[in-house]
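Working notes, structure below.
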Amino acid sequence: MTGQEDNSGRVPEPSRLPPVTLSGVRVVLVRPKIAANVGAAARVMRNFGLSDLALVAPEADKDDPRGRLLATHAEDVLEGARVVPDLDAAVADCALVVGTSARTGGLFRRQSAGPPEAILPQVLAALAGGPVAVVFGPESSGLSNEQVARCHYLIHIPTDDAHPALNLAQAVGICLYELCSAWRLRAGPPLSGPVPADFAAQEHMFTRLRTALEEIHFLYGDKADALMHALRHLIGRARPTEMEVKLLLGLARQIRWYVRHGDSFTEEGP
């Protein structure tokens, strides 16, 4: 590994590079099936200084000896992994949620998708606002469309077309390497900025907004899911703050109120 040149043209020693402190990054494995993959993912997390691991409805037992064998020097990461029932529970407090997918086609996967080096700098920018999740799907199927729809961005690791699917732990390793590389290139801590609302608050807002838009038939029929997906990404990419989420909740509430009471109003003249 080589360092960056400074203004004098000299390349600093690796030890002088800014330390990697990515403790706010959470690795989320959705329904992992193979204990060895979970153990290997824990080990590569330790390689890059991460320890926050969440397992969503895992089929693999994190205490399986086959997983512990591949978690050498990262047993504490494996032991400390949180087991939760669904993706919402794993990322409820997160300021940003980034998914991963070997597939990029179709409505749910073509928006906000890109290679690791394009997407992961967004993770660094969001760290000032709270935890950030990088989500990996089951070995056999990857993330579902519903789970992808809950992600602000989607990472696609370019591979050979004949064999596009990576091993789970390999995908984790590639993403974390790119994340740490982006951190070093910044040569400093994440930039500060407006703090986005957490995932749970945004999901509450999207639920209320969808109900309101269904009541005025903006969301109606076969295209309802597609329109709502596009709206989620439009708002999600803006990383709305808590105040902005409350504003959208107010909009949804007012739409629903008008649906029920609007006919009783008459417009007053000047």
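Observations
- A Cβ distance below 6 Å, combined with a sequence gap of six or more or placement on separate chains, defines the contacts here; from the range 119-141, residues that are under 17 Å from L154 (Cα atoms) reach residues that are hydroxyl-bearing (S, T, Y) and surrounded by 24 or more Cβ atoms within 10 Å (Cβ to Cβ) in the pairs F136/T100.
- Of the residues making up the range 167-186, those that are of a type in the set (A, V, I, L, M, F, W, C) and within 26 Å of R237 (Cβ to Cβ) are A171, V172, I174, C175, L176, L179, C180, A182, W183, L185.
- Search result, residues across the range 120-142 that are in contact with a Ser or Thr (Cβ under 8 Å, 6 or more places away or on another chain) and at pLDDT 90 or above: V134, V135, F136, G137
- Conditions (1) outside the structural domain of S141 (by TED's automatic domain parsing); (2) of a type in the set (V, I, T); (3) touching a helix residue (DSSP H, G or I) at 6+ places or on another chain (Cβ under 6 Å); number of the one not met by V172: (1)
- Qualifying residue in the range 187-210 (condition: among the charged types (D, E, K, R), farther than 26 Å from D52 by Cβ and outside the structural domain of L50 (by TED's automatic domain parsing)): yes
- The requirement of being in contact with a helix residue (DSSP H, G or I) (Cβ under 8 Å, 6 or more places away or on another chain), surrounded by 13 or more Cβ atoms within 10 Å (Cβ to Cβ) and acidic (D, E) is fulfilled somewhere in the range 232-246, by at least one residue.
- Matching residues in the range 50-94 - criterion: being assigned to a helix (DSSP H, G or I) and among the hydrophobic types (A, V, I, L, M, F, W, C): L69, V77, L78, L87, A89, A90, V91
- Residue satisfying all of: in the range 1-46; at pLDDT below 95 and of a type in the set (S, T, N, Q); nearest to R68 (Cα to Cα) among these: S23
- The range 107-160: number of residues that are within 20 Å of F199 (Cα to Cα) and not in a loop (DSSP other than H, G, I, E, B): 24
The values are calculated or read from the model by the stated rules, or taken from the named source; none is laboratory data. All values derive from a computational prediction rather than experimental measurement. We place every Cβ from the backbone using ideal geometry, glycine too, and count neighbours over all the protein chains shown.
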